[in-house]
1. Can Pro179 be described as crowded, with 20+ Cβ neighbours inside 10 Å, over 25 Å from Pro97 (Cα atoms) and in contact with a Leu (Cβ under 7 Å, 6 or more places away or on another chain)?
2. Of all residues being in contact with a Leu (Cβ under 7 Å, 6 or more places away or on another chain) and not small (Gly, Ala, Ser) in region 54-73, which is nearest to Gln124 (Cα to Cα)? Just the residue, please.
3. How about region 172-189: which of its residues are part of a loop (DSSP other than H, G, I, E, B), touching a strand residue (DSSP E or B) at 6+ places or on another chain (Cβ under 6 Å) and within 18 Å of Met135 (Cβ to Cβ)?
4. Taking the options Asp185, Asp140, name whichever one is under 24 Å from Pro82 (Cβ atoms), surrounded by fewer than 21 Cβ atoms within 10 Å (Cβ to Cβ) and near the ligand (Cβ under 9 Å from one of its atoms).
5. For Ala108, only one of the following conditions fails: (1) among the aliphatic types (A, V, I, L, M); (2) under 26 Å from Arg125 (Cβ atoms); (3) modelled with pLDDT under 95. What is its number?
6. Restricting to region 1-35, give me the number of residues that are charged (D, E, K, R) and near the ligand (Cβ under 9 Å from one of its atoms).
7. Please list, ordered by first then second residue, the pairs with beta carbon atoms under 9 Å, 6 or more apart or interchain, first in region 131-144 and within 15 Å of Trp181 (Cβ to Cβ) and acidic (Asp, Glu), second part of a loop (DSSP other than H, G, I, E, B) and more than 7 Å from the ligand (Cβ to nearest atom).
8. Those residues that are out of contact with any helix residue (DSSP H, G or I) (no Cβ under 8 Å at 6 or more places or on another chain) and either more than 17 Å from Ala129 (Cα to Cα) or surrounded by fewer than 24 Cβ atoms within 10 Å (Cβ to Cβ) (or both), I need them from region 25-37; list them, please.
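The values are calculated or read from the model by the stated rules, or taken from the named source; none is laboratory data. Nothing here was measured: the structure is a model prediction, and the numbers come from that model. Glycine also receives a Cβ, built like all others from the backbone with ideal geometry; neighbour counts cover every protein chain displayed.
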Amino acid sequence: MPTVLITGASRGIGLELVRQYRADDWEVIATCRDPDAAPDLQGSGAEVHALDVTDDAALAALGRTLAGRTIDVLINNAGIYPLKGPQGAFGDIPVEPWMEALRTNVIAPWKVAETFIGNLEKAQRPVLATISSKMGSIADASSPGSVVYRSSKTGVNMVIKGLSLELEARGVICLALHPGWVKTDMGGPNALITTQQSATGLREVIAGASMADTGTFRSYDGAPIPW
Ligand SMILES: NC(=O)c1ccc[n+]([C@@H]2O[C@H](COP(=O)([O-])OP(=O)(O)OC[C@H]3O[C@@H](n4cnc5c(N)ncnc54)[C@H](OP(=O)(O)O)[C@@H]3O)[C@@H](O)[C@H]2O)c1
């Protein structure tokens, strides 16, 4: 039975990924900030661990707890979107929420990779998939706004490219994935697709990836996205 580790699995896309991998009989290691406040995750059949991805000490402790285990697929899913709408418009954007977006969306995926590289290396075809966003695509940007979130996803794209170069010799396939515009707390009710559609597509892309795909940016439907 292959094993997947998913961060930020309390709700939204992360929780649906947990459900689908469990339904497919995968061993699922799911992390979330507060397991006691995540009853859906607790009932999913996943092995649940508390992890705030910005907490270095907690990350190191989980690394020690999981040492020696094989992880076939690691999904950096945890993410935040501070200062949506007018709050994030040009004028007087506060710095601290921006820093928090960088800590969560940019730095944490790299630290998660550093923590679990030994687990990934034990797999036959390890995949390190990080949920980015088309909103981080510089080529796709055509209107102002959301600079806090956008810049964090642009930043994580370089993190993923960097990881792909760092980890190529170790055989780890590193992917930047856009999940679509998804009906979650983050995506809102007007989003275009459900978590089921997004997770199904993301899983297909991950399952079909080879070393030829490492360092690429792809949508949940497999389409390449310009950086
Ligand atoms: N929804 C969309 O349309 C969309 C589009 C493009 C990209 N994405 C990306 O897809 C990923 C999942 O988004 P979503 O739509 O499922 O969002 P969501 O419903 O808001 O869920 C976000 C998840 O991330 C977790 N999280 C946030 N900060 C964390 C931290 N410091 N440590 C650990 N977990 C943390 C949250 O945990 P708590 O429950 O503890 O807050 C929650 O489980 C994100 O990376 C997001 O940027 C989403």
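1. On the way: crowded, with 20+ Cβ neighbours inside 10 Å: yes; over 25 Å from Pro97 (Cα atoms): no; in contact with a Leu (Cβ under 7 Å, 6 or more places away or on another chain): yes.
Criteria not met by Pro179.
2. Of region 54-73, the ones in contact with a Leu (Cβ under 7 Å, 6 or more places away or on another chain) are 58-59, 62, 71.
Those left that are additionally not small (Gly, Ala, Ser): 59, 62, 71.
Details: Leu59: 24, Leu62: 22, Ile71: 10 Å.
Out of the qualifying residues, it is Ile71.
3. Going residue by residue through region 172-189, those that are part of a loop (DSSP other than H, G, I, E, B) are 172, 179-181, 183-189.
From what's left, touching a strand residue (DSSP E or B) at 6+ places or on another chain (Cβ under 6 Å): 172, 179-180.
Once the filter is applied, which keeps residues that are part of a loop (DSSP other than H, G, I, E, B), touching a strand residue (DSSP E or B) at 6+ places or on another chain (Cβ under 6 Å) and within 18 Å of Met135 (Cβ to Cβ), region 172-189 yields Pro179, Gly180.
4. Values: Asp140 fails: near the ligand (Cβ under 9 Å from one of its atoms).
After ruling out the rest, the residue left standing is Asp185.
5. (3)
6. Final tally of qualifying residues: 4.
7. Close Cβ pairs satisfying both conditions: Asp140/Ile225; Asp140/Pro226.
8. Listed by number, the residues that qualify are Asp25, Trp26, Glu27, Arg33, Asp34, Asp36, Ala37.
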